[in-house]
Amino acid sequence: MHEQIRLLADIETLRDPVFLCGFVGWTDTHGAAARAIAHLAEQWGARPVAEIDPEPYYDFTVQRPHTKNADGTRVLEWPANRFLLASPPGARRDFLLLSGIEPHLRWRSFLDAIVEVLEMAHSTTSITLGAQPGAVPHSRPTPVTLSASDADFATQFGLEIPTSRYEGPTGVMSVLNLRLRALEWRNASLWAICPHYVSAGPNPHAIEALVRMVDRGYGTSTNLATIAAQGEEFDRQLESALEPESEAATYVRTLEEQYDRQRGAPQDEPLPPAGDILSDLERFLRDQRGEGDALTS
């Protein structure tokens, strides 16, 4: 067994398990994808079965551990990459979930550990979740895009699979996807496109869009009441920050017109230059939420 894997429970015989994964970092705008995985785990009653020791993979001066009080005792929480198993109602397959943090070091060893856990679970299908900024308005449904190794995923999720022309730096999720495809396992990535002008906290609409897409693809029905309520509060804060005649409001209306023309696919166009016109909006949202904002809990 990989030296950095710690088993927490037996991985019993599973029903053709699907691996669902999201990493906070390069490929997850402010944690929306990882939060979607965490929400699925909570609603599906997932239980921990394995974890990866963080010691070799993180610079703790960058990704610091957190302290908290638990029943009067001060405890440390280290960066966690924990695998959980779930058998949600309505699904004909089991799920292995990982809501993790992009490592700083030794990516290949880190991915070796993930692959070994997947092999133990006999999981050869993976869906990775991501969230990235784009030229979309907060007042429209969150677009989700798909990349996949198999054309059948297009039918499963009801999305087209465009050809990617991207070349340049990438995140650990993309490296993981290529690793899994090299093993000839079935693999797809779902990406929520978030308004690029809102940088505070994970976007609840992106969380909801990703969870709904998983539900659509696998016949599950996940309770989203909490996330929907957070989305309503998110919208109220944004609308209160946008004065009708301000440059920021004009900019958002431009994005709305672009979104409507493109029928929900504005991410194919370059970002229009926003300059500094939205700095007051972002500052307002940060001041309203603070570090303990409910959207990140």
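The values are calculated or read from the model by the stated rules, or taken from the named source; none is laboratory data. If you're wondering where the values come from, they're calculated on a predicted model, not measured in any experiment. Cβ sites come from the backbone with ideal geometry, for glycine too, and all protein chains shown count toward neighbours.
Check M173, M120 and return the single one that is among the hydrophobic types (A, V, I, L, M, F, W, C) and within 19 Å of the chain's Cα centre (by Cα). Unique residue meeting the criteria: M173. Check region 134-148 and report whether any residue there is farther than 30 Å from E256 by Cα and surrounded by fewer than 15 Cβ atoms within 10 Å (Cβ to Cβ). Checked against the condition, which is being farther than 30 Å from E256 by Cα and surrounded by fewer than 15 Cβ atoms within 10 Å (Cβ to Cβ), region 134-148 yields no hits at all. Scan region 83-111 for residues that are outside any loop (DSSP other than H, G, I, E, B), touching a residue at least 60 places away in the same chain (Cβ under 8 Å) and within 19 Å of A9 (Cβ to Cβ) and the total you get is 7. Looking only at residues in region 183-215 that are touching an Asp or Glu at 6+ places or on another chain (Cβ under 9 Å) and of a type in the set (S, T, N, Q), which one is surrounded by the fewest Cβ atoms within 10 Å (Cβ to Cβ)? Across region 183-215, the extreme among qualifying residues is S199. When region 144-194 is limited to residues that are among the polar types (S, T, N, Q) and in a helix (DSSP H, G or I), the one that is nearest to E119 (Cα to Cα) turns out to be N177.
Condition check for S240 on (1) touching an Asp or Glu at 6+ places or on another chain (Cβ under 7 Å); (2) surrounded by fewer than 16 Cβ atoms within 10 Å (Cβ to Cβ); (3) polar (S, T, N, Q); (4) modelled with pLDDT under 85: one failure, at (1). As a summary of the residue check, K68 satisfies the conditions (1) at pLDDT 95 or above; (2) farther than 17 Å from L180 by Cβ except for the one numbered (1). Within region 152-181, residues that are more than 17 Å from S126 (Cα to Cα) sit with their Cβ atoms under 7 Å from residues that are small (G, A, S) and outside any helix (DSSP H, G or I), at 6+ positions apart or across chains, in these pairs: S164/S147. Scanning region 248-268 for residues that are modelled with pLDDT under 80 and among the acidic types (D, E) gives a single hit, D268. Checked against the criteria, D28 counts as touching a helix residue (DSSP H, G or I) at 6+ places or on another chain (Cβ under 8 Å) and farther than 25 Å from M120 by Cβ.
Scanning for something buried (at least 20 other Cβ atoms within 10 Å of the Cβ) and either more than 19 Å from Q132 (Cα to Cα) or touching an Asp or Glu at 6+ places or on another chain (Cβ under 9 Å) (or both), does region 160-170 turn up at least one residue? No, region 160-170 has no match at all. Among residues of region 230-253 that are among the aromatic types (F, W, Y), those with a beta-carbon under 8 Å from a residue that is surrounded by 12 or more Cβ atoms within 10 Å (Cβ to Cβ) and assigned to a loop (DSSP other than H, G, I, E, B) at least six positions away or on a different chain give the pairs F234/H138; F234/N203; Y251/Y197; Y251/P272; Y251/A274; Y251/I277; Y251/L278. Among strands (runs of 3 or more DSSP E) entirely within region 1-73, having at least 2 residues that are aliphatic (A, V, I, L, M) and crowded, with 18+ Cβ neighbours inside 10 Å singles out 18-24, 47-52. On inspection, R216 qualifies as in contact with a Gly (Cβ under 7 Å, 6 or more places away or on another chain), in a helix (DSSP H, G or I), among the basic types (K, R) and at negative phi. For E208, the conditions (1) assigned to a loop (DSSP other than H, G, I, E, B); (2) of a type in the set (D, E, K, R); (3) in contact (Cβ under 8 Å) with a residue 24 or more places away in the chain all hold with the exception of (1). Within region 112-125, the set of residues being of a type outside the set (G, A, S) and not in a helix (DSSP H, G or I) comprises H122, T124, T125.
Any chance you could count how many residues in region 199-237 are under 17 Å from R140 (Cβ atoms), acidic (D, E) and modelled with pLDDT under 95? The total comes to 2.
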